[in-house]
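What follows is calculated from the coordinates using simple rules that are stated; it is not laboratory data. Since this is a predicted model, take the numbers as computed values, not measurements.
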Amino acid sequence: LKEWLRQGGPCFEPLLTGCAYQPLLADAYHAACRAADGASRPYSLNASVAFLQGALGLSPENLRAVVGGFYDQRLEEYRIGFGPRDSELIFHGVVWPLLGIEDENSDITGEIEATLRKSGVKEVLVLDQQFPYEFCDDCGAPLYPNADGETVHAEMPEQNNTPSQTLH
């Protein structure tokens, strides 16, 4: 793997300018898909924190992450809502689907919380209640938990006259 990273990595750089990527070894199709799904979950949390920091100027210390389990017949996924620490608003969200044999007995919330804390989020609220597996009736977007234990639509604040942030 180290040799592949050393030799293969520079070949991808001109093709993926400005993109985050990680060269992996070849694997069977479905095994590679499962591995990519598993690796994308923590990456999504880190990318969301970086996005909110760049787009809104909110440092990770000023964010609150609210984690809730969403159930249909059983636990289907965790949804993480991001918003400012001093408000109940949810600006952005991430869906953390269960993969393979994961269920409510797995320590997924511990993994989510550890990933968020590693990315700099100080306030992580894990809710114990079972949320219904629902989506927005108008646009089909997933609903995310807020600190009050309600499911809400994630909406970025309007920025009419605010200068744009540089994202790179």
Point to revise | DSSP beta bridges in the chain [antiparallel fraction, %, rounded to 5] | key: 70 percent
Exercise for review: Using only C-alpha atoms and all pairs of different ones, pull out the Kirkwood radius for the range 41-82 in Å with one decimal.
Suggested key: 11.4 Å
Review point. With a ≥ b ≥ c the root eigenvalues of the C-alpha gyration tensor of the range 24-98, is it rounded (a/c under 1.5), prolate (a/b larger than b/c) or oblate?
Key: oblate
Exercise for review: For the range 41-152, report the convex hull volume of the alpha-carbon atoms normalised per residue, in Å³, without decimals.
Suggested key: 101 Å³
